[in-house]
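Laboratory data are not the source of any read-out in this text; all were calculated from the coordinates shown. What you see is a predicted model, and the numbers here were worked out from it, not measured in a lab. Here the Cβ is made from the backbone with ideal geometry for all residues, glycine too, and neighbour counts use every protein chain on show.
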Amino acid sequence: MPPVDTLHKLKSIVRGRRIDLGLSQAEVAQRAEVSRQWVNAFERGKGSAELQLVLRLLDALDLHLRIDARTDEHTVASARVDLDALLDEHRHRD
């Protein structure tokens, strides 16, 4: 699943999962213990949402939130290994 870095992406995933499970907004709302209006507003991309309610909604859809450290290009580039240089270094030691 692609990283979620906007509320728009999160609401799209939530809506898609609800539809895939064949659940109505009312059914998901009941499972998450929120109102149907709240689910509707969230799926429409409501500007903000209380995190606790979002977590309950994700749980009701059997989804989980995972947080990973972000890596930038500099971090990734510095982690690259030049295998040719390592082999050359090893050969010169023998």
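Computed over neighbours whose Cβ is under 13 Å from that of Glu50, the net charge equals +1, Lys and Arg +1, Asp and Glu -1.
How much net charge surrounds Asp62 when only the other residues with a Cβ under 12 Å from the Cβ of Asp62 are counted, with Lys and Arg +1 and Asp and Glu -1? Net charge around Asp62: +1. Backbone geometry of segment 26-39 corresponds, through the Karplus equation with coefficients 6.51, -1.76 and 1.60 at θ = phi - 60°, to 3J(HN,Hα) couplings of 5, 5, 5, 4, 5, 4, 8, 6, 10, 7, 4, 4, 5, 4 Hz, x marking Gly and Pro. Label separation (Leu51 vs Arg91): 5.3 nm, computed from points 7 Å beyond Cα along the C-beta direction. For Val34, no residue whose modelled amide H falls within less than 5 Å of its own remains once neighbours fewer than 5 places apart on the same chain are excluded. With R₀ fixed at 25 Å, the C-beta to C-beta distance from Gln30 to Asp5 puts the FRET efficiency at about 0.25. Residues in segment 7-21 carry Karplus couplings, in order, of 5, 4, 5, 5, 5, 5, 5, 4, 4, x, 5, 4, 5, 4, 7 Hz; the curve used is 6.51 cos²θ - 1.76 cosθ + 1.60 with θ = phi - 60°, and Gly or Pro positions show x.
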